[in-house]
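*Asks:* Below is the structure I would like to discuss, written out as structure tokens.
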There are 2 protein chains.
Amino acid sequence: METTQRTDQERAADRRRRELLEAADRVVLRDGPGASMNAIAAEAGITKPILYRHFGDKGGLYAALATRHTDALLDSLRAALDAPAERRERVEATLDTYLAAIEARPQVYRFLMHPAEGGQQGEGFDVGKHSAPLLRRMGEELAQVIEERLDLGPGGEQLARVWGHGIVGMMHAAGDWWLGERPCSRAELVRSLADLLWGRLAAAGDKVGSPGF
Amino acid sequence: METTQRTDQERAADRRRRELLEAADRVVLRDGPGASMNAIAAEAGITKPILYRHFGDKGGLYAALATRHTDALLDSLRAALDAPAERRERVEATLDTYLAAIEARPQVYRFLMHPAEGGQQGEGFDVGKHSAPLLRRMGEELAQVIEERLDLGPGGEQLARVWGHGIVGMMHAAGDWWLGERPCSRAELVRSLADLLWGRLAAAGDKVGSPGF
DNA sequence: AGCTACGGTTACCGCAGGTAACACTTTAGT
DNA sequence: ACTAAAGTGTTACCTGCGGTAACCGTAGCT
């Protein structure tokens, strides 16, 4: 029957798709962001048009790859976020989880964070339609957890969303910088960021002889 | 004499350079990031090779454009940061200055933030050599101010740098998200972020019936 | 005149994303 | 068994971009 045949073929197609994604993974891990479709196809042992048949365009492949890693990372983050521990410990565990991930596969996460897209010619299109989806998804996810767990009073939902995206951005920028300069250990970075989040900026005293005021 | 001639020519070259940068500005403002060299040259009323004579390559033009806006923005931020006011007020003023800037010229700042670079073939090169320089510069600048003004005890220098980059990242990510969704007014966003920086995350109470613990 | 120096152009290279059209193998229908 | 369809794969091409080489005109100096 058609159905059995179809499922068979769809199974095969799915297997193929996974193989292609793994090949793409390998080449992105090797060549960093900006890996060419040609290179990915070559790594997979095939040629370009097959990639396009499976993923539509480069954005499609990017999306598939991103979804994959994003889902995996979000699962880890959720686990750290939902652990039965004190809030500060959970925050530190979450930060550490993220930093460990980008430390382990910097190329991949650079690829995910810096899509390097843009450039449509028709004027009618919107800008940056799906730029940096990983950051957005993490931000929304964190916002949801914050909103579920914390009592923030009226307007708490919006506050949670701002905080979600803000904290994720903090994590990302600090992580990116840290990955480039390695000025300290991961644990120190985690502590510093958690301290920032815990209000040490407000609590710190002025330096004696501070100029201007 | 050669000197007077040279200065004359250099003056003219500088004027030209400024004209070209302004043209680039216009086209980036219109087409967003990913504006092509051809488009910029056309807007300036000339052709590509002249651009390359002036700026070397696209990275050079990007750098020149970035330096321009970055310097202007950093001046505004420094002014807000150094104002004679309470710390919280200064922080809010700084956040608001940044957000007002990206609100006024979203395309330009998208261009600055998402360089969309990468892709050298020789293996010997470093990755992301000058990626997102605006964020880095803002981070370093803020770090310096923090380190100058606040008494953070031992290890304060590193702490300041982490915070600088972290806060800038928070500002950037929240701003980017806010620019896309406009879920609230700028003032509300500023307040929310300042609240986050002021430790409200740590101070907030658990929600009653919070699952898991 | 003739030479150099500079602003400017056309025409091209290489490479990337993306696609059309063609070839081979399997499977199904009669 | 012969044909027809459908899926897998290929080569060869188009477009547009970053980047460059080679050429053209005009000013000024000697």
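The values are calculated or read from the model by the stated rules, or taken from the named source; none is laboratory data. The structure displayed is predicted, hence computed values, not measured ones. Cβ atoms come from the backbone with ideal geometry, glycine included; neighbour counts cover every protein chain shown. For accessibility, only protein heavy atoms count, side chains too; no ligands or nucleic acids. Shrake-Rupley method; radii C 1.70, N 1.55, O 1.52, S 1.80 Å.
*Asks:* Test B:Leu135 against the stated conditions and say whether it is of a type in the set (A, V, I, L, M), closer than 24 Å to A:Arg149 by Cα and either surrounded by 23 or more Cβ atoms within 10 Å (Cβ to Cβ) or facing chain A (nearest Cβ under 7 Å) (or both).
*Replies:* No: the conditions fail for B:Leu135.
*Asks:* Same structure, new question: For segment B:154-207, give me each residue that is more than 7 Å from every other protein chain (Cβ to nearest Cβ) and not in a helix (DSSP H, G or I).
*Replies:* B:Pro154, B:Gly155, B:Arg182, B:Ser185
*Asks:* Check segment B:110-117 and report whether any residue there is at pLDDT 80 or above, of a type outside the set (Phe, Trp, Tyr) and within 30 Å of B:Met37 (Cα to Cα).
*Replies:* Yes, the conditions are met somewhere in segment B:110-117.
*Asks:* Next up: How many of the residues in segment A:98-107 are free of Cβ contacts under 8 Å to residues at least 60 places away in the same chain and open to solvent by 40 Å² or more (accessible area, probe 1.4 Å)? Break it down into steps so the answer makes sense when it comes.
*Replies:* So in segment A:98-107, the residues free of Cβ contacts under 8 Å to residues at least 60 places away in the same chain come out as A:101, A:104.
From the residues that got through so far, the ones that are open to solvent by 40 Å² or more (accessible area, probe 1.4 Å) too are A:104.
Result for segment A:98-107: 1.
*Asks:* Among what's in segment B:73-93 and is in contact with a Ser or Thr (Cβ under 9 Å, 6 or more places away or on another chain) and open to solvent by less than 20 Å² (accessible area, probe 1.4 Å), pick the residue that is nearest to B:Ala35 (Cα to Cα).
*Replies:* Checked segment B:73-93; the qualifying residue nearest to B:Ala35 (Cα to Cα) is B:Leu73.
Here is a yes/no grid of residues against (1) outside the structural domain of A:Arg105 (by TED's automatic domain parsing); (2) small (Gly, Ala, Ser):
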site: A:Arg17; (1), (2): yes, no
site: A:Arg26; (1), (2): yes, no
site: A:Leu29; (1), (2): yes, no
site: A:Gly34; (1), (2): yes, yes
site: A:Asn38; (1), (2): yes, no
site: A:Glu43; (1), (2): yes, no
site: A:Leu51; (1), (2): yes, no
site: A:His69; (1), (2): no, no
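*Asks:* Count, please, the residues in segment A:139-157 that happen to be among the acidic types (Asp, Glu) and open to solvent by less than 60 Å² (accessible area, probe 1.4 Å).
*Replies:* We begin by selecting, within segment A:139-157, every residue among the acidic types (Asp, Glu); these are A:140-141, A:147-148, A:151, A:157.
From what's left, open to solvent by less than 60 Å² (accessible area, probe 1.4 Å): A:141.
Number of matching residues: 1.
The rows are residues; the columns are (1) open to solvent by 10 Å² or more (accessible area, probe 1.4 Å); (2) in a helix (DSSP H, G or I).
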position: B:Arg11; (1), (2): yes, yes
position: B:Leu20; (1), (2): no, yes
position: B:Val28; (1), (2): no, yes
position: B:Pro33; (1), (2): yes, no
position: B:Ala39; (1), (2): yes, yes
position: B:Arg53; (1), (2): yes, yes
position: B:Tyr62; (1), (2): yes, yes
position: B:Asp71; (1), (2): yes, yes
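*Asks:* Then there's this: Of the residues in segment B:66-78, how many are in contact (Cβ under 8 Å) with a residue 12 or more places away in the chain and more than 11 Å from the chain's Cα centre (by Cα)?
*Replies:* 2
*Asks:* Then there's this: I want to confirm something. Restricting to segment A:18-71 and keeping residues that are among the β-branched types (Val, Ile, Thr) and within 14 Å of chain B (Cβ to nearest Cβ), which single residue is nearest to DNA strand C (Cβ to nearest atom)?
*Replies:* A:Ile40
*Asks:* Exactly one condition in (1) part of a helix (DSSP H, G or I); (2) modelled with pLDDT of 90 or more; (3) under 25 Å from A:Leu95 (Cβ atoms) is false for A:Pro84; which is it?
*Replies:* Every condition holds for A:Pro84 apart from (1).
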